[in-house]
Each structure stands twice: as structure tokens, then as C-alpha cells.
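Undergrad: Quick one: this structure, given as C-alpha cells, is what I'll be asking you about.
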Amino acid sequence: MSPDPIAQRELRDADLVAVRGQLGREPTTPFTVVARCTGGHPLVIRNATRDAHGDPFPTTYWLTCPDAVRAVARVESEGWIARLNERYERDGEFRVHVDAAHASYARDRARDDPEAQGWAGVGGTRRGLKCLHAHYAFRLAGGDDVVGAWVAERVEPVHRAQRGGRVAAIDQGTNSCRLLVVEPPSEPGGAPDELARDMVITRLGRGVEATGVLAPDALARTIDVLAAYCRRARALGAGHIRVGATSAVRDAANRNVFAEAVRLHAGSELEVIDGPHEASLSYLGGTGGLKAEMGPFFVLDIGGGSTEFVVGAGPGVAGQALSTRMGSVRLTERLVADDPPSRRDLLALEAEIERVLDEAEAAVPIRTARTFVSVAGTATTLQAMSLGLGRYDPDRIHRSWLTLRDAERLLAELARMTNAERAAIAVMAPGRGDVIVAGAAILVAVMRRFGFDRTLVSETDILDGLVLELLA
Ligand SMILES: [Zn+2]
């Protein structure tokens, strides 16, 4: 039995409270929120494959917004389940599409628990249709579901207050593929409403350092995630989907395969983001909304394949920047031979990091900064550990301070653990455990060298920068 790792690891307290209110009872299964309505309340949740007692829970996607639930119930009360089942029996093409939705639903569930593939499809059935709520929820989550699309046409918009101009961005990094869907701010200068934010670690950049090409299995895995993200963005009403790719794709000879997939699924051209642009997007996402008097700012973005150093006078607009080819995945692949890393591995890491910091120091006036902002998964995960969180709650982490002392202590702890031990930490995203030692070593080295005794950890980063640029 392997419980769904993602659902148990990341959840905001505020969402737990909201879903409890929507369901009118205590949720029985760990979940994450995969889609929201205008105003931010949960619309669709993704349940773990097993409930709190370890019993199978086949309904992976669950519609929770009470207005959406009522709207679909109205359609069901008009007798549509029976009518669509009749169509399923007599219309072969419709049947093929419904069966394909069931199969892809089962595959999606099995991502976290291979045994769960056998538990039938949408709404827990193998043939025909049982529950229109389940189909609609699957579609909103990014499922390719003909029945869900049919329901959408009949019930949307669920809320009259829904604003137009929704957009989405996908950030394809070396390690992870991330999605953000937003609705423009209700008033100028405000923050956009978040409708979906998601991350899957697909390791697209695995091996690029050595081979110069994207590995076929990593490419296939990533394109599956990309396609589902684009369907979700479109189901949530995003008119434009922007896909930016950084380091790994930037350096790969076969990046046109990925670019073709982007054209097909997102309907836009892949933007290969160069180092300077990546730095300015990280800065925009990391400092947007911060008080001007906290400036000048230094933003550090530790990625899998590159690390950006950016300084700017005020929030939003970057000044000097340097993008380096040092990243947590790249350093781990090149320099960490043992598990747990040996003394020799750690010294090699330190030496390579110091060499890159010499370059950064020469290019960017880091010491002039008053506030040091850390973005991306290394820093946010360290902070989740430092705060002692039992599950990853982005609301608790965003814009909280991580001290040098805590960062040093965590680096030492993590470096003593095996990959398996790190992967088992509650707040560690799947796939991050084996590269976080290198990432943490970068953060600690930067704080020590430039004299920062604390850093402001930010959940908003290049992904938010991509969306803010689209809305500007
Ligand atoms: Zn709603």
C-alpha cells in the first residue's frame, strides 16, 4: 500500500477549512486543491487513493464548490444520466470517447498508487456513466472527458462574478513542470486571483548535462503533464497559455520535440527563456507587491539547471543580473557520487559553488541589497522544514524569514541522510529529496559569503513573473 504522497504533503490550512465547510463534514481522505473559482474558494480537489483508514478511495477528482455541485445536480435531475447512457449504448463514437476518459482517469489515479489503476474509471464505473459531477470535476482538473465537456457547456459560468481575461503560464524547468492559472485583478494594481497552481517533478533535464539531449522517457512524461495542464487551463477559461522553458530545454539539441508539443497543446509558441530574461522574471515574481522601503532587493533563484542572481532598487523591475549554469540537479549529477554524500562530495560541491559565487560577486552588486529574497523549491522546502510543518502549507511559507543558522543546521542534517530518508520527509516534494543537498549548499554559501543572516522566502517566482508579464 502506498498512500498518495502529493495529497498528504501539500495543503493549505485555509483550504482544509473551506472544504470542510463545502462538504459540511470532515474530509475523510487527504487531498489537494486543483482548481478554484473567482475569489479563490476550492472548485475541484484531488483526493488521495486511500482514505484515512487505508481503504481504496476511487473518486480521485471531487467537485466541491456548492454552486457548481447544485448546477450539475440540476442537469442530473433532468434525467440526463439515463439519456447519456442510452447514447453510450447506441453511439459507438461516443462510447469510445467515454471509455477513453475512464481509462485515462484510472491511469491518472495510478500515478500515485499503481494498484489503483484497477479501480475503474470516472465515478468508479467501467462502462457508461454514473455521476456527472465526477465527469465535470475530471474535466476541470485537466482530464480529456467528453461527458465533462458536455456538462461544462450546460452549467458555465457557474458564478456570475467570474471575470474575463483569464490567462495561464507553464514554467518548464530542469526538474519540475509548473502551472499557474489566474484571473486578472478586480482593481488595477491588485494581485491576480489564483485559479490553479500545480507542480509535477518530471526531471525533463535528467542527463542533459551528459548527453546534450532530452531523454525520451522524461520527454514523454513531461508532455503528458503539459497536455493535462493545458486542458485544465482551458477548462478554467484561460484564453492564452504561455509556456516558458528554462535551462534544460534551452541547452538540449532535441528541444524542437518539446516545442512541437507546446504548439499542439498550448496553441502558442514555446518561449525559450534566456538567462537575463529568466533573472528578470524571477525578480518580478519574487518581489512583486513588496514594500519599496525594503529595497534594494537581492533575489536568488536556485533552479535544477541554473541559478539566477538579481539585484534591483525596488519591487518588480530588475537591475543587474547573472544567470549561471549552476543548479541543484546539475551539481548533484556531476559531483555527488555517494549516498549519503561523502565528505569528498561535499567539499567538491562547496568548491564549485564558491567558484560560481566569485563570478556572481564580480557581476552583481549583491552586498548593496537590504533584503535578500529566496525563490523556488530549495528555499521553500528548507523553510517548511525549519517551521516544522507536518505538511507543506504554502501560506505559512510565503514571505516568512529563514535564518542562516536554521539553513546551516538543515543542510548538515540533510547531508547526513540517504536519498530515501530525505524523500520520506513529509514536506519534501517527490523527486526533490536527492537534489536538495546541493540546493541547500548553494543557499548557505550565498548567505555566508554576502553576510545575510536571514532570507525572505517567497512562494512566488518566475512562474508568477510569466503571468504578471502577460497581464501587464
Ligand atoms: Zn465556486
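Undergrad: Just a yes or no: is a residue in the stretch 320-331 more than 27 Å from the chain's Cα centre (by Cα), aliphatic (A, V, I, L, M), surrounded by 19 or more Cβ atoms within 10 Å (Cβ to Cβ) and in a helix (DSSP H, G or I)?
TA: no
Undergrad: Shifting gears a bit: Test of understanding: among A313, A266, which residue is among the aliphatic types (A, V, I, L, M) and free of Cβ contacts under 8 Å to residues at least 24 places away in the same chain? Quick ask: steps written out before the conclusion?
TA: Numbers: A266 fails: free of Cβ contacts under 8 Å to residues at least 24 places away in the same chain.
Going through A313, A266 in turn, just one is among the aliphatic types (A, V, I, L, M) and free of Cβ contacts under 8 Å to residues at least 24 places away in the same chain: A313.
Undergrad: Scan (1) more than 10 Å from the ligand (Cβ to nearest atom); (2) part of a loop (DSSP other than H, G, I, E, B); (3) within 26 Å of P192 (Cα to Cα) for the single condition T38 breaks and write down its number.
TA: Unmet for T38, out of (1) more than 10 Å from the ligand (Cβ to nearest atom); (2) part of a loop (DSSP other than H, G, I, E, B); (3) within 26 Å of P192 (Cα to Cα): (1).
Undergrad: Restricting attention to the stretch 47-75, which residues are away from the ligand (no atom under 16 Å from the Cβ), in a strand (DSSP E or B) and either surrounded by fewer than 21 Cβ atoms within 10 Å (Cβ to Cβ) or among the aromatic types (F, W, Y) (or both)?
TA: P56 - this is the single residue of the stretch 47-75 that is away from the ligand (no atom under 16 Å from the Cβ), in a strand (DSSP E or B) and either surrounded by fewer than 21 Cβ atoms within 10 Å (Cβ to Cβ) or among the aromatic types (F, W, Y) (or both).
Undergrad: Do you know which residues across the stretch 226-260 are farther than 30 Å from R154 by Cα and either hydroxyl-bearing (S, T, Y) or in a helix (DSSP H, G or I) (or both)?
TA: Those that are farther than 30 Å from R154 by Cα and either hydroxyl-bearing (S, T, Y) or in a helix (DSSP H, G or I) (or both): T246, S247, A248, V249, R250, D251, R255, N256, V257, F258, A259, E260.
Undergrad: Looking at this structure, is W150 away from the ligand (no atom under 16 Å from the Cβ) and among the aromatic types (F, W, Y)?
TA: yes
Undergrad: So, one more: Could you check how many residues of the stretch 194-221 are assigned to a helix (DSSP H, G or I) and surrounded by 24 or more Cβ atoms within 10 Å (Cβ to Cβ)?
TA: 1
Undergrad: Could you list, in sequence order, all residues of the stretch 24-35 that are more than 25 Å from E183 (Cα to Cα) and within 16 Å of the ligand (Cβ to nearest atom)?
TA: Once the filter is applied, which keeps residues that are more than 25 Å from E183 (Cα to Cα) and within 16 Å of the ligand (Cβ to nearest atom), the stretch 24-35 yields only G24.
Undergrad: Name the residue, out of A169, A191, that is at pLDDT below 95 and more than 15 Å from the ligand (Cβ to nearest atom). Lay out the reasoning, then the answer.
TA: Numbers: A169 fails: at pLDDT below 95.
The match here is A191.
Undergrad: So which residues in the stretch 350-383 are among the small types (G, A, S) and outside any helix (DSSP H, G or I), if there are any at all?
TA: Keep residues of the stretch 350-383 that are among the small types (G, A, S), which gives 351, 360, 362-363, 369, 374, 376-377, 379.
A369, S374, A376, listed by residue number.
Undergrad: If you scan the stretch 115-158, which residues turn out to be modelled with pLDDT of 95 or more, out of contact with any helix residue (DSSP H, G or I) (no Cβ under 7 Å at 6 or more places or on another chain) and not in a helix (DSSP H, G or I)?
TA: E156
Undergrad: Identify, please: which residue in the stretch 332-349 is of a type in the set (D, E, K, R) and assigned to a loop (DSSP other than H, G, I, E, B) and is, among those, nearest to M417 (Cα to Cα)?
TA: Start the filter on the stretch 332-349 by keeping residues that are of a type in the set (D, E, K, R), which leaves 333-334, 338-339, 343-345.
With the extra rule that they be assigned to a loop (DSSP other than H, G, I, E, B), the set shrinks to 338-339.
Numbers: D338: 11, D339: 8 Å.
Per the stated criteria, the residue is D339.
Undergrad: Going by the conditions given, is D13 within 25 Å of R231 (Cα to Cα) and either crowded, with 16+ Cβ neighbours inside 10 Å or more than 16 Å from the ligand (Cβ to nearest atom) (or both)? Step through it out loud before you land on a result.
TA: Values: within 25 Å of R231 (Cα to Cα): no; either crowded, with 16+ Cβ neighbours inside 10 Å or more than 16 Å from the ligand (Cβ to nearest atom) (or both): yes.
In short, no.
This table checks each residue for (1) without any contact (Cβ under 8 Å) to a residue 60 or more places away in the chain; (2) surrounded by fewer than 18 Cβ atoms within 10 Å (Cβ to Cβ); (3) closer than 22 Å to W62 by Cα; (4) away from the ligand (no atom under 16 Å from the Cβ).
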| residue | (1), (2), (3), (4) |
| --- | --- |
| A116 | no, no, yes, yes |
| W119 | no, no, yes, yes |
| T125 | yes, yes, yes, yes |
| G173 | no, no, no, yes |
| R178 | no, no, yes, yes |
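The values are calculated or read from the model by the stated rules, or taken from the named source; none is laboratory data. All values reported here derive from a predicted model rather than from experimental measurement. All Cβ positions, even for glycine, are placed from backbone atoms using ideal geometry, and neighbour counts span all protein chains on display.
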